[in-house]
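A.B. asks: Let me begin by handing over the structure; questions about it come next.
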Amino acid sequence: GFLEVYPQYLDVAVSKHLRLHHFVTHDNQADVWPKYVALNPRLLDKLELVFTQLERMQGDEQQPLELDVNSGFRTPAHNRVVRRAATDSRHQYGDAADVVVDANANGRIDLSDHRLVVAAVEAVERNYPDLAGGLGVYTGLQYPTPYVHIDARGKRSRWRG
């Protein structure tokens with residue numbers, strides 16, 4: 001379903017690591033309220049399991065996991081203007097997120113982070129096959145901030161952007 005969002009609710013926690021603002025569409029209607037967000041609970045479950053796995057990988061001296069969501073829910077209109085977006089993007093269904101995670105806690109986003117996120121997603125999907133989904137790694141020079149696409153589409157899919 002859809003969530004109706006007003007500015008005062010943007011910081012509401014939807015899970016341990018994520019807030020509602022992580023999933024609000026980045027369209028050109030910054031002053032239009034309310035906004036509506038599709039958010040699939042399976043995506044939240046999968047992301048939290050991935051983040052928990054990453055925290056385990058950091059070991060005993062873990063710091064809080066530094067992360068951001070570049071893109072959560074997208075309206076169909078916004079999806080049409082996103083470069084290289086699939087016409088049937090999972091973001092439109094509320095079951096995809098493009099995440100940036102400092103998985104190795106070194107204070108910057110680098111290739112090591114992406115390898116750790118990929119390993120965490122693979123572990124989660126191995127342990128929870130019902131959360132199988134897409135995993136895309138976007139690390140090329142055309143991306144200002146490299147990120148990883150994670151979705152809960154129900155079947156395994158892998159790609160590099």
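A.B. asks: If you scan region 127-161, which residues turn out to be within 15 Å of Leu54 (Cβ to Cβ) and open to solvent by 40 Å² or more (accessible area, probe 1.4 Å)?
C.D. replies: Listed by number, the list holds a single entry, Asn127.
A.B. asks: Let me ask something additional. For region 42-99, how many residues are touching a Leu at 6+ places or on another chain (Cβ under 6 Å) and at positive phi?
C.D. replies: The number of residues fulfilling the criteria is 1.
A.B. asks: Filter region 15-24 down to the residues that are within 22 Å of Val121 (Cα to Cα), touching a strand residue (DSSP E or B) at 6+ places or on another chain (Cβ under 8 Å) and part of a loop (DSSP other than H, G, I, E, B) and list them by number.
C.D. replies: Residues satisfying the conditions are His17, Leu18, Phe23.
A.B. asks: Which condition number in (1) surrounded by 19 or more Cβ atoms within 10 Å (Cβ to Cβ); (2) over 27 Å from Val5 (Cα atoms) is the one that Asp110 fails?
C.D. replies: (1)
A.B. asks: Have a look at Ala38, Ala13 and point out the one that is more than 28 Å from Asn106 (Cα to Cα) and among the small types (Gly, Ala, Ser). Break it down stepwise before answering.
C.D. replies: Details: Ala13 fails: more than 28 Å from Asn106 (Cα to Cα).
So the residue among Ala38, Ala13 that is more than 28 Å from Asn106 (Cα to Cα) and among the small types (Gly, Ala, Ser) is Ala38.
A.B. asks: Is it the case that region 25-41 has a residue that's surrounded by 16 or more Cβ atoms within 10 Å (Cβ to Cβ), within 23 Å of Thr139 (Cβ to Cβ) and either out of contact with any helix residue (DSSP H, G or I) (no Cβ under 9 Å at 6 or more places or on another chain) or of a type in the set (Lys, Arg) (or both)? Break it down stepwise before answering.
C.D. replies: Narrowing region 25-41 to residues surrounded by 16 or more Cβ atoms within 10 Å (Cβ to Cβ): 25, 35, 37-40.
Adding the requirement that they be within 23 Å of Thr139 (Cβ to Cβ) leaves none.
Checked against the condition, which is being surrounded by 16 or more Cβ atoms within 10 Å (Cβ to Cβ), within 23 Å of Thr139 (Cβ to Cβ) and either out of contact with any helix residue (DSSP H, G or I) (no Cβ under 9 Å at 6 or more places or on another chain) or of a type in the set (Lys, Arg) (or both), region 25-41 yields no hits at all.
A.B. asks: How many of the residues making up region 5-24 are open to solvent by less than 20 Å² (accessible area, probe 1.4 Å) and over 13 Å from the mean Cα position of the chain (by Cα)? Can you show your working first?
C.D. replies: So in region 5-24, the residues open to solvent by less than 20 Å² (accessible area, probe 1.4 Å) come out as 5, 18, 20, 22-24.
Pick out the ones that are also over 13 Å from the mean Cα position of the chain (by Cα) and you get 5.
Number satisfying all stated conditions: 1.
A.B. asks: Also, I was wondering about something else. Considering only region 90-102, I want to know if a residue exists there that is modelled with pLDDT of 95 or more, open to solvent by 40 Å² or more (accessible area, probe 1.4 Å), among the charged types (D, E, K, R) and touching a helix residue (DSSP H, G or I) at 6+ places or on another chain (Cβ under 7 Å).
C.D. replies: No, there is no match, as no residue in region 90-102 is modelled with pLDDT of 95 or more, open to solvent by 40 Å² or more (accessible area, probe 1.4 Å), among the charged types (D, E, K, R) and touching a helix residue (DSSP H, G or I) at 6+ places or on another chain (Cβ under 7 Å).
A.B. asks: Something else: Would you say Ile150 is part of a loop (DSSP other than H, G, I, E, B) and under 25 Å from Pro64 (Cβ atoms)? Steps first, please.
C.D. replies: Numbers: part of a loop (DSSP other than H, G, I, E, B): no; under 25 Å from Pro64 (Cβ atoms): yes.
Here the answer is no, as Ile150 does not meet what is asked.
A.B. asks: On to the next question. Any residue in region 7-29 that is charged (D, E, K, R) sitting within a Cβ distance under 9 Å of a residue that is part of a loop (DSSP other than H, G, I, E, B) and open to solvent by 80 Å² or more (accessible area, probe 1.4 Å)? List the pairs, counting only those 6 or more apart or interchain.
C.D. replies: From residues that are charged (D, E, K, R), the pairs are Arg19/Asp11.
The values are calculated or read from the model by the stated rules, or taken from the named source; none is laboratory data. Note that the structure is predicted; figures quoted are calculated from it, not measured. No Cβ is skipped: glycine too gets one built from the backbone with ideal geometry, and neighbour counts run over all protein chains shown. Only protein heavy atoms, including side chains, enter the accessible area calculation; ligands, DNA and RNA are left aside. Shrake-Rupley method; radii C 1.70, N 1.55, O 1.52, S 1.80 Å.
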